[in-house]
1. Which condition does Lys112 not pass, out of (1) under 18 Å from the mean Cα position of the chain (by Cα); (2) without any contact (Cβ under 8 Å) to a residue 40 or more places away in the chain, if it passes all the others?
2. Condition (residue is assigned to a helix (DSSP H, G or I), of a type outside the set (Phe, Trp, Tyr) and either closer than 13 Å to Leu170 by Cα or in contact with a strand residue (DSSP E or B) (Cβ under 8 Å, 6 or more places away or on another chain) (or both)) applied to the range 107-115: is it met by at least one residue?
3. Within the range 120-128, can one find any residue that is open to solvent by less than 50 Å² (accessible area, probe 1.4 Å) and outside any helix (DSSP H, G or I)?
4. Give the range 315-347 a look and list any residue that's under 30 Å from Ile303 (Cα atoms) and not β-branched (Val, Ile, Thr), or say none.
5. Kindly indicate whether Thr422 is part of a helix (DSSP H, G or I) and in contact with a helix residue (DSSP H, G or I) (Cβ under 9 Å, 6 or more places away or on another chain).
6. Just one of Gly365, Gly352 is without any contact (Cβ under 8 Å) to a residue 24 or more places away in the chain, in a loop (DSSP other than H, G, I, E, B) and open to solvent by 20 Å² or more (accessible area, probe 1.4 Å); which is it?
7. Take the residues in the range 371-412 that are outside any helix (DSSP H, G or I) and open to solvent by 20 Å² or more (accessible area, probe 1.4 Å), then tell me which one is nearest to Asn315 (Cα to Cα).
Amino acid sequence: MKKLIETLKNCWKIEDLRSRILVTIAFVAIYRFGSFVVLPGINPGALAKLQEQTAGGLMSLLDMFSGGAFSNASIFALGIMPYISASIVMQLLAVAVPYFQKMQREGESGRKKIMWYTRVLTVFILFFQAPSYLMNLKMQSAGALASGLSWTEFTIPAMILLAAGSMFILWLGERITDKGIGNGISMIIMIGIIARLPQAFIQEVTSRFTAITGGGLVMFIVELMILYAVVCAAILLTQAVRRVPVQYAKRVERNGRQVGGARQYIPLKLFAANVMPIIFAQALMFIPIVIVSYTSNQGGYIIRNLMDHTSWLYNVIFAALIIAFTYFYTAITLNPTQMSEDMKRNNGFIPGIKPGKPTADFIEGVMSRLTFPGSLFIAFIAIMPSLAGLLNVQQGFAQFFGGTSLLILVGVVIDTLQQIETHLTTRHYEGLLNSGHVRSQRGVSAY
């Protein structure tokens with residue numbers, strides 16, 4: 001506790017870090033406030049059926065990603081997921097379409113162009129999802145509309161507000177990334193998840209101590225022990241790296257002085273894709289909700305199972321998508337050929353491996369061996385909430401045993417702490433992670 005207090009004091013002493021933390025808190029507060037601003041013309045007291053719908057099933061996950069804004073009929077109801085969907089499409093295009101491949105190789109200018117296309121695509125997705133949300137709102141809470149106002153008159157302004165609200169969240173996320181601490185988009189998703197934790201915890205405690213088959217204090221302690229074990233495993237494995245040694249050959253400068261000869265390491269992470277595969281996969285799993293919103297019934301057997309995150313069909317497809325996206329995201333973020341060329345250009349080589357293509361093949365082989373167990377672990381964590389249901393854990397609390405919630409929380413918290421650590425260590429202060437060793441720098445053996 002003394003070390004924590006001292007670290008907080010050090011954070012406050014650094015003006016740049018202090019301002020970044022305050023900016024992050026301010027933008028997060030704006031986001032949470034907007035989650036309770038109801039669409040004009042909607043009576044918030046008549047949303048009982050909508051809130052009941054989002055209390056379970058896949059709708060509860062959608063509500064969690066929006067920080068409760070979905071069930072509140074808020075101007076932020078669509079959340080950040082339309083942008084995530086647009087990012088998935090753009091990253092697929094960057095792999096399959098030569099025009100976007102060339103753009104991706106243009107460096108910072110190409111990245112800005114891709115971001116512009118992503119925002120435009122987000123707007124198109126919003127004007128597709130906004131009517132879906134309003135149709136569902138009409139079916140679940142038809143009486144919530146103010147008297148004297150028809151749904152026809154309400155729809156167009158509400159669509160514009162929903163689209164503007166989602167784009168404003170995107171703007172907040174980008175400002176957090178630029179002016180605050182951590183990745184803004186991931187931070188917003190994390191805040192929405194944490195907002196559900198107190199209510200879920202209270203419901204679980206009440207269930208264990210009041211239900212006949214609740215199990216009482218003993219079962220609740222067992223739950224907490226399992227949760228602690230899963231969190232520790234997630235923290236350890238998400239920071240595991242395989243350090244590949246790189247030897248730099250000596251060279252003689254014009255003045256006759258020898259330079260080089262140092263050995264460095266390339267840290268190849270077990271989870272190079274971080275939480276992105278599970279976010280991408282979750283975005284695709286929301287598609288059945290959109291399909292059902294445009295139909296008069298609840299769909300057939302397959303659609304119903306895809307909307308039930310506890311069904312075997314949902315979990316099998318979800319796990320397969322996560323594994324596929326893990327390989328995909330790793331492939332587009334790490335380029336073994338480029339890494340090999342950079343080493344060769346700087347007179348570097350991996351001991352025992354010839355420069356050029358053999359080096360690229362070696363790095364690719366190491367990444368393949370790391371990605372496979374990493375993707376399996378992420379997929380297992382993703383379906384943990386369904387397994388927790390077998391222990392009669394309440395659905396809201398079960399989400400924190402794994403799935404999207406746990407991996408996002410662990411990934412975002414670690415990333416944010418490492419950024420704070422960087423600010424502290426560059427100014428010769430002891431950081432938050434020193435006592436536990438900064439695994440991003442030292443590494444944990446992956447195998």
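The values are calculated or read from the model by the stated rules, or taken from the named source; none is laboratory data. These numbers were taken from a predicted model, which means no experiment stands behind them. Counting neighbours? That spans all protein chains shown, and the Cβs are built from the backbone with ideal geometry, glycine included. Only protein heavy atoms, including side chains, enter the accessible area calculation; ligands, DNA and RNA are left aside. Shrake-Rupley method; radii C 1.70, N 1.55, O 1.52, S 1.80 Å.
1. Here Lys112 meets the rest and fails (1).
2. Our first condition is that a residue be assigned to a helix (DSSP H, G or I); within the range 107-115, this holds for 108-115.
With the extra rule that they be of a type outside the set (Phe, Trp, Tyr), the set shrinks to 108-115.
Imposing the further condition that a residue be either closer than 13 Å to Leu170 by Cα or in contact with a strand residue (DSSP E or B) (Cβ under 8 Å, 6 or more places away or on another chain) (or both) reduces the set to 115.
Yes: one or more hits.
3. Within the range 120-128, not a single residue is open to solvent by less than 50 Å² (accessible area, probe 1.4 Å) and outside any helix (DSSP H, G or I).
4. Initially, the range 315-347 is screened for residues under 30 Å from Ile303 (Cα atoms), giving 315-329.
The answer is Asn315, Phe318, Ala319, Ala320, Leu321, Ala324, Phe325, Tyr327, Phe328, Tyr329.
5. Details: part of a helix (DSSP H, G or I): yes; in contact with a helix residue (DSSP H, G or I) (Cβ under 9 Å, 6 or more places away or on another chain): no.
No, not satisfied.
6. Working: Gly365 fails: in a loop (DSSP other than H, G, I, E, B).
None of the other options fit; the residue is Gly352.
7. Looking only at the range 371-412, we keep the residues that are outside any helix (DSSP H, G or I), and these are 383, 390-394, 402.
Checking the rest, the ones that are also open to solvent by 20 Å² or more (accessible area, probe 1.4 Å) come to 383, 390-392, 394.
Working: Ile383: 6, Leu390: 14, Leu391: 17, Asn392: 18, Gln394: 18 Å.
Step by step, filter the range 371-412, then rank; the result is Ile383.
Conditions tested, residue by residue: (1) surrounded by 12 or more Cβ atoms within 10 Å (Cβ to Cβ); (2) modelled with pLDDT of 80 or more; (3) closer than 30 Å to Glu421 by Cβ; (4) within 18 Å of the chain's Cα centre (by Cα).
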position: Gly182; (1), (2), (3), (4): yes, yes, yes, yes
position: Ser186; (1), (2), (3), (4): yes, yes, yes, yes
position: Thr206; (1), (2), (3), (4): yes, yes, no, no
position: Ile235; (1), (2), (3), (4): yes, no, yes, yes
position: Arg254; (1), (2), (3), (4): no, no, no, no
position: Ala262; (1), (2), (3), (4): no, no, yes, no
